[in-house]
Each structure stands twice: as structure tokens, then as C-alpha cells.
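Below: the structure, in C-alpha cells.
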Amino acid sequence: MRRFLIFICLLSAQFLYGQDKVNTLWYRQAAKDWNEALPVGNGRIGAMVYGDPWNETIQLNEESLWAGCPADGNADAAAIMPEIQKLLLEGKIAEANALAQEKLAGNPMRIRSYQTFGELLIDFFDRGSNDANGFYPDGITDYERSLDLMTGISSTVFSAGGIRFSREVFASRPDDVIVVRLFADRPGALTFKLSYDRVENAGVRPEGSSSLVVFGQLIDLPDATQVEPGAHMRFAGKIKALNRGGSVIAAGNSIFVDKADEVVILVAMNTDYNFSKLDFDRSIDPTALCDSRISAVEGKSFSDLKDSHVKDHQSVMGRVSLTLGDPSMSEVPTDERLAKMKEGKSDPALAALYFQYGRYLLAGSSSRPGRLPANLQGIWNQEIDAPWNADYHTNINIQMNYWPAEVCNLSETVMPFSDWINAIRVPGRATAKKTFGAEGWTVNHVADPFGHTSISDGVGWGTFPIAGPWLTLHLWDHYQFTMDKEYLRTQAYPAMKEAAEFLLSFMVTDKNGNLATAPSNSPENAYRMPDGKSFNLTYSATMDIEIAMELFNACIKASDILGDDKEFKARVKDAMTKLPPIRIGKRYDTIQEWIEDYEEVEPGHRHMSHLFGLYPGTVITDKNPELFAAAKRTIERRRKYNEDPVTRQGSYTGWSRAWLINFYARLRDGEEAGANVNALLSKSTQDNLFDTHPPFQIDGNFGGTAGIAEMLLQSHAGEIHLLPALPSEWADGEVRGLRARGGFTVDIVWRGGILQSATIVPDHTCKYSVRYGNKIKKISFKAGKPFIFNEMLKDWAKGIDN
């Protein structure tokens, strides 16, 4: 009877949560290393699941576990800033650079790293088999490891010794815990040791018969380049094992499970970080927080925990569907599909899976209950000292993290980012005043959860005060997609206005009478002077001007929407007329990267910052054909020096390849956009579909996801543009649930590369233009009422302009 009931339970679970392999990453073997493990996350806590049958590793993360502390690293350079600006504008670059190197460097120059929380280890040593020694034979059959993007559950199943074992792991948003369930279809088959480990700064003790308490504090050692040493962030965890059948005992750093039928493990993690202070807070007891969290959920059944998790998860992931290519390809393991793409095989369905994976990763690393934005690795990191500290790089990387948020119907993921931007306005005011002698607020090219906004990592690269204005454009974008006027009034516009005030007080007049940003740089790139010397610092790098144009335009529009701030609006309008134009250089007939037509030190550089105006900006469009064409030539020149034209091999990072997809989408070149999607998958994607810089850097995942959406739907030019950059390889497909600026939800179906139907649902009653190919129609939309284009499309296909 008991075996029958177990069978019925398994059958019911399969019926309720039948795995949709079209939206599933799956493999026939366990992960060999972290870059093959599968991620789960709830926006605040996360885990990487290896899927080893007998020696499972589940690596853990908590979003606020960062080394370091707040520090006023701002250079006291306001008094000398006019002299640096004067030298730059007079073309005395070497003198300006020497003075800047002496005066602008922050102290400290480097921040500390986001860190791993540690590892949960599950080791089976008495495996309860039928063999004479009481252990399972080594042979494992029917192994499968998977991550279902639509349920947010990582599963491992396998057979050994005539027993079917299953393991499920998920990060619950409703209950804010990591949940692990181990089950076997033979009673009493689960015997294992459950333990916790971290390489440093942590301890663990048993509590009661079935719990472990993790306690720790990050001890930052002296380093002259980093923030002060000391005993900093405190953290805690609680691990609870709930068994059905058998016995459980906690001792030392482990919980020992003997002959259980089923075990559910609950993991809570917290630190004493206080977001409202951008600092740790000794009044916060992370152990008490973990106790409270476990107490709230330990009385729930696994089915209740799972049901609430899946319901919440599907309410997010289920908003958007994308179908491309042959769905039967989902029956092939993900790593094998990726290997075939590396051999040149076509697999549009894998691009669709990659698209949904990007949405999954963003929801898992930037949503409530989380408070912090996604970092360079989202929320997943196995290191004490992560690559680039897994920090907030503000010269493209954190911005790229949020490129897919609005169009991919994940608007709420922007809120931790929005809150953080508004929070760092406070330290950003000190940076503006103390270093640049300006009003408003800004941040340079690196930031962290402690409000670090000063110049870091070197004066040449690190002096990037346009970052603050750039960040606020995401708040404006959030308004454009949601049309949330209250958000605009209370969150977006104040940050935008203060960033614009920084620019208005920071810019100086150049020899041509234009307003100039000085000092400035084009991120991480350098130019060569006629005497052969190379520099990063300049004035009015093209990216600066494009961002200023975008921000000033946004402030003017926001002022009109809110109906106030007329005096400030007039100042911004006046400044707009004094910005230098975007120039086409005579040297190569491409968009100039700098204010002068300098020679490039590295013509194939990974950053293409001077094309910000093409994407994510909106100032380079086909309304200016000369700039539009020059933008395409600029990309072609970059690629000429960066990659083999046939193999597409080159020095591109994953994120820069993703940027190319978005560029070509905006240029409405579907073939090149599609080819770069394939190149991103085949050249810059690991077996678990993580992007690789190398090493892993999550912005490429998000940039690639945004690019795929941009190929299917655009709305930056004041119209809804359907299928603007569809590659021939994606001849048939459909997408449902994308979002457009103005507050629209859009479904699109196409066959043979031709639009078959489109349904647009507006949030508000309005008139808005819709475009397909060279046909544009202004439509009167009614709030909540779907507008279906089937008949109109038939007329358009016949050349009838109705």
C-alpha cells in the first residue's frame, strides 16, 4: 500500500508540474564545476546546484554579503578642477592628464568583493542498497539533471540499486528560503550527511536534533588600495532538515540522516546590512532573522512550499512566451545542442531558450524580497574575491543588466535598481561637490552597496562622471513603459533632475562655444595623439554628449508631463542648443568616438561607446540617414579589426557581442542580428548557458535577451514597430507578452518571415502609431481592449493603406 501511495504521489506531481522541456535546460551528467551548475534565485538569495548523485554540492549566495564598508574616497579636487578642464580644452592633454593623475585619484582606489555564502554538502556514505556491503553499486542509470525555467525548480533524478532517486531545489520568493527535497521510491533509502562549509570567516554549530546554525563575520585584511581593514559584515544562516521516516541528528557541522523516506531541507540566510543606511547595522541580528524565517515555514508541507513557489514564479515567467525553430530540439540535452551550434548547426529554438533564461536570471537576481540590483554575476558567485569583485560597473555593465527588464515584461525587476540609484544620490552629491565642484549628484565607473561613488581603479578609466546621468535614463525608461506618473514624480524625475543639474554645473564652454564635459573618457578605450602618445582622458567624448542629449530630452518631457519646473526646463532647453553635434569623422567616415578625429589605439575595441545613441539611446535613427549609415560603418570597422569575417572568432567579450545584436536590431539588419545571436551562443556561452567574458559575467545574458526582443519589437522612436529585424533563419515563430513604450502588451505571429497577426493591448486609452515594414498606421486604442491586426495586415499585404 505504501509503495502504491508513493507511486500515486509521483504521478500527481508529474501531472501538476509536468516538465516543459522547451523551456528547460537539461543534461545527462552532473556538473563537473561551478560553470556547469544550475542557478536558482529569488532576488535576494540564490544557489548553484551541481546535481552529483552521491556527493551533492549546492553553493549558496545572499545578495548583501559584501566585503568592505562605507568610505569617503572622494578626491578633494574641486579647486583644481577648472585648471584640469582648461588644459583639456586647450589641447594640452599630457599636462591635463598629469594633473588629473595627481589630483583626481580616489582614496581608496578599489572596492572589496561580493562573496559566496558557502556551500551545502550532501554526502551519501551508507546508501542502503541490496548489495552485501549495504552500499549501492557504482552504476547509475537514467540520470537527468535539469532546470525548468517555468517552475524555477532544479531537479536531479537517477536510478541506482533498483531505486529511483529524485532531488528538487528552488529559491522561494513567497517564503524567502532555499528549499531542497530528497526523495526515493523505496522507503528508508535515504542515508546521508548534510553539512555546511565556507573557506573562511564562518562557523557552524548544531541546534536541537535537526538544525545547523551558521555564524560569521567578514574580516577584511589590510590592503593599501582598498577600503579600511577590520571586522565588517556579519552574516548568519539556518539549515533545517525535516525528515519523513528514519532518524535525524545534528552534531558538529553536520546533520546525519539515517534511512529516511523523504527529507526536506530549508535554508535561510541573512546579513546585518541595512539598505537604508548603505551600511551594516549592528542593531540587526542576522541569526534572529534566520530563526524567524525558518519558524515561519517549517510547519508547511513540501507541497505547500512548492505550490506557492511555482504559482509566484509562473506569474512572472508565464507573462512572455517565444517560439522559434524546431521544438523537438528540446529533446536533445542543452550542452549537446550548444556543441552542435559550435559546429555551425542551426538551432533557433536554443535562441528562444536563451531568451527565456535571461528573463529567468533577471527575475532570480533582481526582485523582491531582494533590495540590491543585480551585480556583474547577478546574485551567483562562488568566490571570496570574485572577478572584478562582482561589483556594479557603471560604464555599461549594470545598465546592460536591465536592458531586457521592460520590453521582456519584467518591470518589477527594475525596482531594486531604481531604489539603489536613488540611494546613492546621497554619497553622489559629495562626489559631485568635492571632486568636480558641481551641483547635483553623480557616480563614476565602479560602485557597491556601500555608496561608493568616487573615482576608482585608475584615473584614466575611472573618471566617468557621466555614469550618474546614464543610470537615471533607466528610471525614465521605466516610466515610458509603465506610464506610472506617480513613479515619475516621486522616483524618476527627482533623480533625473539632479543628474541634469550636475551636468549643467559641471560642463564648461569650449572653443566653439559648445558646452563640454571635462574631464571625460570613452569607457576603457584610448586615443593616439599626433606625437604618438596615448590617453584616456579628453573632453566631450561622444558618449557623454549622447547621454546628455538623452537626459535633457527626458527632463524636458518629464517636466511637461508633470506640469511644473518651467524655469529648470528652460535652462535644460537652452543647454540642449549648446551641446556639440555627433560628428562623422573624415579619417574613416565613421562616428567619431572623441571630440577630435583622433586615431584609435585599438580599432577593434570591445566597447563601442560612441554608438550609445544608436542603442540603448535614441538619438541615432533613420530620421538622420547620414548618422544612421555612419553608425553601420562604425560597427563594420570595429569588426574588421576584431573578428574573422567567416568564423566570427575575435576578442569580443560576451557582453560586447550582445551589444552588437542590439545595434543590428536598431539598424533593422535581421541577418546580422541573427548571426550575432548565433555567435553569442557558439562563442561566448558556457554549458549552463551562462555568458562568459571570460570568465562568467551575467550582462551578456541580459544583453542577448534584450537583443532578441529588440529584433522582434521596437518602440523607441515613438511608434510600435513589429518585426523590425527578423532573420531568415527565424522564418516561423511567435512571441507573446512583450511590452512597448506607452504601456502596451504585444503578441506577434509570423510565418515564412511574414507577419500573420498581431494583438496589442493598451494599458491606457490613447492614439499611437504601429509600423510593419514601410507601413505605418495611427490607431485609436481603448484601455484594456485588444486591438487585433489580422484584417489590416491582409490589406497591407495587398498594398491597401487603410
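The values are calculated or read from the model by the stated rules, or taken from the named source; none is laboratory data. Here the structure is a predicted model, which is why all the values come from computation and not from measurement. We place every Cβ from the backbone using ideal geometry, glycine too, and count neighbours over all the protein chains shown. With ligands, DNA and RNA removed, areas are computed over all heavy atoms of the protein, side chains included. Shrake-Rupley method; radii C 1.70, N 1.55, O 1.52, S 1.80 Å.
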**Asked** Given 500, 526, 516, which one is over 21 Å from residue 373 (Cα atoms) and in contact with a Cys (Cβ under 9 Å, 6 or more places away or on another chain)?
**Response** 500
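Would you mind stating whether residue 58 is open to solvent by less than 20 Å² (accessible area, probe 1.4 Å) and at pLDDT 95 or above?
Considered against the rule, which asks whether it is open to solvent by less than 20 Å² (accessible area, probe 1.4 Å) and at pLDDT 95 or above, residue 58 comes out as yes.
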**Fill in**
The residue that is nearest to residue 365 (Cα to Cα), considering only those in the stretch 171-194 that are touching a Ser or Thr at 6+ places or on another chain (Cβ under 7 Å) and hydrophobic (A, V, I, L, M, F, W, C), is 179
**Complete:** Sole miss for residue 654 among (1) open to solvent by 10 Å² or more (accessible area, probe 1.4 Å); (2) modelled with pLDDT under 95 is condition (1)
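Would you mind finding the one in 218, 289 that is under 30 Å from the mean Cα position of the chain (by Cα), within 29 Å of residue 107 (Cβ to Cβ) and among the hydrophobic types (A, V, I, L, M, F, W, C)? Walk me through how you get there before you give the answer.
On the way: 289 fails: within 29 Å of residue 107 (Cβ to Cβ).
The conditions single out 218.
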**Prompt:** Would it be correct to say that residue 459 is over 22 Å from the mean Cα position of the chain (by Cα) and either of a type in the set (Gly, Ala, Ser) or at negative phi (or both)?
**Reply:** yes
**Complete:** Here the residues within the stretch 219-251 that are surrounded by 13 or more Cβ atoms within 10 Å (Cβ to Cβ), over 30 Å from residue 186 (Cβ atoms) and among the hydrophobic types (A, V, I, L, M, F, W, C) are 219, 227, 233, 235, 236
**First in the stretch 555-571 and in a helix (DSSP H, G or I), second anywhere and at pLDDT below 95 and open to solvent by 60 Å² or more (accessible area, probe 1.4 Å), Cβ under 9 Å, 6 or more apart** = 559/566
**Message:** Filter the stretch 686-713 down to the residues that are open to solvent by less than 10 Å² (accessible area, probe 1.4 Å) and polar (S, T, N, Q) and list them by number.
**Reply:** 688, 697, 701, 705
**Message:** Among the residues in the stretch 671-682, are any surrounded by fewer than 24 Cβ atoms within 10 Å (Cβ to Cβ) and part of a loop (DSSP other than H, G, I, E, B)?
**Reply:** no
**Prompt:** Of these, 392, 360, which one is farther than 22 Å from residue 178 by Cα and in contact (Cβ under 8 Å) with a residue 40 or more places away in the chain?
**Reply:** 392
**Fill in**
Inside the stretch 578-610, the number of residues satisfying the requirement of being open to solvent by less than 60 Å² (accessible area, probe 1.4 Å) and touching a residue at least 40 places away in the same chain (Cβ under 8 Å) is 21
**Prompt:** Is it the case that the stretch 159-174 has a residue that's touching a Pro at 6+ places or on another chain (Cβ under 9 Å), at pLDDT 95 or above and among the hydroxyl-bearing types (Ser, Thr, Tyr)?
**Reply:** no
**Request:** May I ask you to list the residues in the stretch 736-755 that are assigned to a strand (DSSP E or B) and touching a Ser or Thr at 6+ places or on another chain (Cβ under 7 Å)?
**Result:** 736, 737, 739, 740, 747, 749
**Request:** Would you check which residues across the stretch 756-799 are exposed (fewer than 14 other Cβ atoms within 10 Å of the Cβ), at pLDDT 95 or above and either touching a His at 6+ places or on another chain (Cβ under 8 Å) or assigned to a helix (DSSP H, G or I) (or both) and list them?
**Result:** 783
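I'd like to know if the stretch 724-733 contains one or more residues that are in a helix (DSSP H, G or I), surrounded by fewer than 20 Cβ atoms within 10 Å (Cβ to Cβ) and not charged (D, E, K, R).
yes
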**Message:** Against the conditions (1) touching a residue at least 24 places away in the same chain (Cβ under 8 Å); (2) open to solvent by 20 Å² or more (accessible area, probe 1.4 Å), where does residue 90 fall short? Just the number, please.
**Reply:** (1)
**Request:** Return the total of residues in the stretch 518-542 being more than 29 Å from the chain's Cα centre (by Cα) and either closer than 22 Å to residue 604 by Cβ or free of Cβ contacts under 8 Å to residues at least 12 places away in the same chain (or both).
**Result:** 10
**Message:** Looking at the stretch 562-569, can you tell me whether even one residue there is open to solvent by less than 40 Å² (accessible area, probe 1.4 Å) and over 20 Å from residue 428 (Cα atoms)?
**Reply:** yes
**Asked** Which one of these does residue 198 not meet: (1) of a type in the set (D, E, K, R); (2) open to solvent by 50 Å² or more (accessible area, probe 1.4 Å); (3) in contact with a Gly (Cβ under 9 Å, 6 or more places away or on another chain)?
**Response** (2)
**Message:** Return the residues of the stretch 519-543 that are surrounded by 20 or more Cβ atoms within 10 Å (Cβ to Cβ), part of a loop (DSSP other than H, G, I, E, B), at negative phi and not hydrophobic (A, V, I, L, M, F, W, C); say none if nothing qualifies.
**Reply:** 519, 521, 522, 523, 525, 536, 539
**Asked** Is one or more of the residues making up the stretch 302-311 basic (Lys, Arg), open to solvent by 10 Å² or more (accessible area, probe 1.4 Å), more than 19 Å from residue 66 (Cα to Cα) and modelled with pLDDT of 95 or more?
**Response** yes
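Matching residues to (1) out of contact with any helix residue (DSSP H, G or I) (no Cβ under 6 Å at 6 or more places or on another chain); (2) surrounded by fewer than 24 Cβ atoms within 10 Å (Cβ to Cβ):
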| position | (1), (2) |
| --- | --- |
| 375 | no, no |
| 378 | no, no |
| 389 | yes, no |
| 392 | no, no |
| 395 | yes, yes |
| 404 | no, no |
| 415 | yes, yes |
| 422 | no, yes |
**Prompt:** Which one of these is touching a residue at least 12 places away in the same chain (Cβ under 8 Å) and either open to solvent by less than 10 Å² (accessible area, probe 1.4 Å) or of a type in the set (S, T, N, Q) (or both): 473, 488, 515, 504?
**Reply:** 488
**Message:** Restricting to the stretch 342-366, give me the number of residues that are more than 19 Å from residue 20 (Cβ to Cβ) and open to solvent by 10 Å² or more (accessible area, probe 1.4 Å).
**Reply:** 5
**Prompt:** Is one or more of the residues making up the stretch 269-291 β-branched (Val, Ile, Thr), assigned to a strand (DSSP E or B) and more than 17 Å from residue 45 (Cα to Cα)?
**Reply:** no
**Item:** Output for the stretch 334-364, where each listed residue is among the hydroxyl-bearing types (Ser, Thr, Tyr), out of contact with any strand residue (DSSP E or B) (no Cβ under 6 Å at 6 or more places or on another chain) and assigned to a helix (DSSP H, G or I)
**Value:** 354, 357, 360
**Prompt:** Is it true that some residue in the stretch 321-337 is open to solvent by less than 10 Å² (accessible area, probe 1.4 Å), of a type outside the set (Gly, Ala, Ser), touching a residue at least 40 places away in the same chain (Cβ under 8 Å) and farther than 22 Å from residue 749 by Cα?
**Reply:** yes
